[in-house]
Amino acid sequence: MIGFYDYTTILTYLSLLSACTGIVVALAGEGHPFMACFFLMFCGFCDAFDGKVARTKKDRTDMERNYGIQIDSLSDLVAFGVLPACIGGALILDSSYLQSIADLYRDRWFFAIGALVLFAVLLLYVLAALIRLAYFNVTEEERQKTEGGVRKYYTGLPVTTASLIFPLVMLAQYITAADISLVYIAVALLTAVAFVSRMQVPKPGINGILGMMAVGILILAVMLVIATLASSADSVLNIFHAN
């Protein structure tokens, strides 16, 4: 078989599988975009350590190294580009705000046109993620020819930050019980701009990675509590209606 299957690629493969599962979950129906965030955060966890795991293999060939770079970017596009866009798309289709405006004016075309505009923003978000990843690959290849070692700064916001940004936005959906679909799209637009900007972002060291993991674990814990409480509330309501 073509490809490489040693331990240095496992986390990247797992990230891609998690992202694909998250996409299916996000588009499965009402309430599932929230659950898809768990898969997005798992992708972030895998990405935080895949490079460090790969560098522990000292006898990697140039082909193995280049292969790892390519699959990392391809996986990241799906995990931090397509998956967040699918979560946003599911929110748009289930948006009570757009539905209420359409009902107010008794015009279904308003919902359709509004949804198309918001979907266009999500498409731009995916495109920005693609551009950011491709630009990183090209500049990293050029940098290693002259500098070597590990870079200290990123140009543009790394796409992996999506694994924390969008779960935070989704928390607002369930803490406030409000329709945050427009907020989600606005954040996606701002994030897309940050992806392709020339802002210099320091590459986090081990302490920075552990700090982001702590934030991620906190978000995950809150999301699990919310999901548990929501499930318990639904059970109580079902019992009430049954009686």
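Rule-based calculations on the coordinates, nothing more; no lab input. If you're wondering where the values come from, they're calculated on a predicted model, not measured in any experiment. Methodologically, a virtual Cβ is constructed for each residue, glycine included, from the backbone with ideal geometry; neighbour enumeration extends over all protein chains shown.
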Practice task
With the convex hull built on the Cα atoms of region 1-100, state its orientation-averaged projected area in nm².
Solution key: 6.8
Exercise for the section: Could you list which residues have their amide H under 5 Å from that of residue 154, counting only those 5 or more apart in sequence or on another chain, with H placed in the peptide plane? Expected result: 201, 203
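Can you pull the Kirkwood radius for region 1-56, inverse mean 1/r over Cα pairs, to one decimal in Å? Don't skip to the answer; put the middle values down first.
On the way: mean 1/r = 0.0828 Å⁻¹.
Taking the inverse mean of 1/r over all distinct Cα pairs, region 1-56 comes out at 12.1 Å.
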Problem - Karplus-derived HN-Hα couplings along region 74-82 (A = 6.51, B = -1.76, C = 1.60, θ = phi - 60°), whole Hz, x at Gly and Pro - result: 5, 5, 4, 4, 6, 6, 10, x, 6
Practice task
Please give the length that would be gained between residue 13 and residue 120 if that part of the chain were fully extended, namely 0.36 nm times their separation in residues minus their C-alpha to C-alpha distance (nm, one decimal).
Solution key: 35.6 nm
Exercise for the section: First obtain the Kirkwood hydrodynamic radius of the chain from its Cα pairs, then insert it into the Stokes-Einstein equation at 4 °C and 1.567 mPa s, and state the resulting D in µm² per second as a whole number. Expected result: 67
Completion exercise
residue 2 and residue 144 label points (each 7 Å along its Cα→Cβ direction) are spaced in nm at 2.0
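Within 10 Å of each candidate Cβ there may be at most 15 other Cβ atoms; applying that plus a DSSP loop requirement, which trypsin sites (Lys or Arg not before Pro) in region 4-102 survive? Let's see the in-between values first.
On the way: sites: 52, 55, 57, 58, 60, 65; in loops: 57, 58, 60.
Of the trypsin sites (Lys or Arg not before Pro), the ones in loops of region 4-102 whose Cβ has at most 15 other Cβ atoms within 10 Å are 57, 58.
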